[in-house]
Amino acid sequence: MQLGHKKKSSFLLALAALGIVFGDIGTSPMYAVSESMRASGSPHSSMAVFGVTSLIFWTLALIVSVKYLLFITRVDNDGEGGIFAIVSVIKSKVGSNDSVVMWIMTAIAIASTGLLFADSLITPALSVMAATEGAKMIYDGADQWVVSASIVILTTLFAVQRYGTDALSRFFSPVMIVWFIAIALTGFKAIITKPIILDAVMPQYGYELLLSLSWSGRFNLLGSILLAATGAEAIYADMGHFGRRPISIAWYGFALVSLLLSYFGQGAWLLTHHAGAGSDDNPFFAIIPLQFMAPMVVLATLASVIASQAVISGMFSLANQAIRLNYLPRLEIRHTSLTECGQIYVPYINFLLLIGGVLLISGFRSSSALASSYGFAVAATMFLTTTAFSFVVLYVWEWSVWKLIAFVFFAIPLDFIYLAATVTKLPAGHYLTLIISMVIIWLLSAWFLGNRALSRRAQRLDIPVADFADMIEMRHDLAHSARPAIFFQHLPFPSEVEVTPNALLRQVQITSMLYQPAVIVEFIDSSFPHIPEEKRLYTAEYPNNIHVVRATFGYWEAASINPVIALGKSRGWWKDETDVVYFAVREDLRLASANELSWLVKWPYFFLHKLDQPQPRSLHINAMRYVELGMPIDI
């Protein structure tokens, strides 16, 4: 019975994964073949058709089926995937013993975040435009309103993010199941007319096509071929939502089969019609019977919205993880579900993605033009993920030298070839992806380095709690209040050091009064996604009714004051939450000329710090019982 239940659960999770994990890669057939044929150099020839189809087949096989599902998804951090999971696994193994490795992992995490933000900016605009352009197959004058319709759809999509994906997500899987069935059937129908296209599974067709091109032509073609694998990085990033087994079932048993039928079907149509370079005929829509064209355009639009939603939700989750691991400022995060902590909404990120998407649609005005800017972020992210995975097999799994060499010589060159191919497309896209990525990387690096400097400077101001308790003993003029108070630690400190927060020091200095009990609360962000409740809290007792509580939360969890309140009630510190007054400190940064930080770090850090919300503000504490004190710091 248990085995049958497990199989049933895996099957249901696999169906759910179709709507979330494979939304992006599932809509790639709308533009991957047409763009690749334009880049083939000889779009009128059957050699180009066979070669493009073969390259797409082997790209999906090697990158998705082998590299990601057989290797990289084996690395998880308490079930969670993504680049931060790899970084956390290596950090827990290496720790501070190898600072060089940790600096490399930090650089990879920051670079991946910048690249994924660029990817999340382009994907919704590209997917929505590619879908609405299908209307050209129905109405001759549809191209006049493609841009306007795309902006309306995109704006609506971002406008509803504040309401959460709980209700909408129930429709994701059914729509994507219908989508995959539809593209499989239309592809299969086209294959029947030209079954010889199935010979494209032989790799020599792709090899011969590449040999016929110049070096620049080869890179240009491979950069377009990679469009078929965009969304592969989401498979690993979303692993925590569904698990490795259900995702594998969904890919091998459904998504991969449907995608291959669609790609080979488009190849069969091209063999028959020999669509030329510059033709407006998109083979994806051309193989659809005319009587089904209108509903297929509607279905394609819905699928593109779902693909966009998956990328947007993934960016929200990535931002949340980055904030918890101190790679981003503490932006406002709203939880949109009472039962699922992973369903969140980040207003600032949502606004940036909306503005960026609208500008991209207005500037490029077609999916073909925007596709030239696409791919670099995906290829670079894949390369960085593979590089980070290589550190896992070396330091964590401790593979033998021959195993490590075999994997590195397979995966690294594969990713590097596609990365080099997408680099050649950067000039055609006006270096848009690179510029966006570099700006984000610059800001994140400034935040990381600025926080390290701020933490060092603030630590010089604090004193150990034990010394503070001794000082209180000598203060005979100090009044004692019977009201309990919680003092939040303002910056993270090493776990072996218990320091007095500036909020408590300044409150005693200003009022000459000590609240009783005085509870120092420090929130610890763990490198693990979830923390068991029995390991959540650590406490320490000091004289004069002073207590230290450390509350640890995983990077997938929302920090909450509730465990501390429950602990206080059980120990008799207070009877009710309304009895407690809260004190926190807010750093008041002042730009100083003499400092170890460069102005390239100071200025962006100063700007980002204004966006940073002190953690107590995210705890939804009653404003009438919350006091925030300023702390001037020169940077």
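The values are calculated or read from the model by the stated rules, or taken from the named source; none is laboratory data. What you are looking at is a predicted structure, and each value in this text was computed from that prediction instead of being measured. As a convention, Cβ positions derive from the backbone with ideal geometry for all residues, glycine included, and neighbour counts pool all protein chains shown. Please note that ligands, DNA and RNA were not included when accessible areas were found on the heavy atoms of the full protein model with its side chains. Shrake-Rupley method; radii C 1.70, N 1.55, O 1.52, S 1.80 Å.
For the cross-link pairs Lys93/Lys425; Lys67/Lys425; Lys91/Lys602, which exceed 31 Å when the distance is taken from alpha carbon to alpha carbon? Going by Cα-Cα distance, Lys93/Lys425 fall outside the 31 Å limit. Relative contact order of the chain: 20 percent, from C-alpha pairs under 8 Å at least 6 residues apart in sequence. Adding -39500 (n - 2.57) for every DSSP H run of four residues or longer, then dividing by how many residues the chain holds, sets the calculated 222 nm ellipticity at -18000 deg cm²/dmol. Take every pair of alpha-carbon atoms less than 8 Å apart whose residues are at least six positions apart; their mean separation over the length of the range 1-136 yields a relative contact order of 16 percent.
Debye-formula intensities of the chain, expressed as log10 I(q)/I(0) at q = 0.05, 0.08 Å⁻¹, are -0.27, -0.63 (one equal scatterer per alpha-carbon, no solvent). When the convex hull of its Cα atoms is viewed from all sides, the range 542-585 shows a mean projected area of 4.2 nm². Under 5 Å from the amide H of Leu331 lie the amide H atoms of Gln613, each residue being 5 or more positions distant or on a separate chain, with H modelled from the backbone and absent for Pro and chain starts. With the radius of gyration and the Kirkwood radius both derived from the Cα set of the range 1-153, what is their ratio Rg to Rh? Checking Rg against Rh, the ratio lands at 1.07.
Remark: accessible surface ordering of Ser512, Ser437 (largest first) is Ser512, Ser437, probe radius 1.4 Å.
Summing charges over all other residues whose Cβ lies under 12 Å from the Cβ of Pro532, with Lys and Arg as +1 and Asp and Glu as -1, gives -2. Over the chain, accessible surface divided per residue gives 42 Å², non-protein components excluded, 1.4 Å probe. Translational diffusion coefficient of the range 109-266 (Stokes-Einstein, Kirkwood radius from Cα pairs, 20 °C, 1.002 mPa s): 113 µm²/s. Taken over the Cα atoms of the range 375-414, the convex hull encloses 44 Å³ per residue. The order of Phe606, Phe180 by accessible area, most exposed first and with a 1.4 Å probe, is Phe606, Phe180.
Rounded to the nearest 10 degrees, the inclination of helix 401-423 to the longest alpha-carbon principal axis of the chain is 70 degrees.
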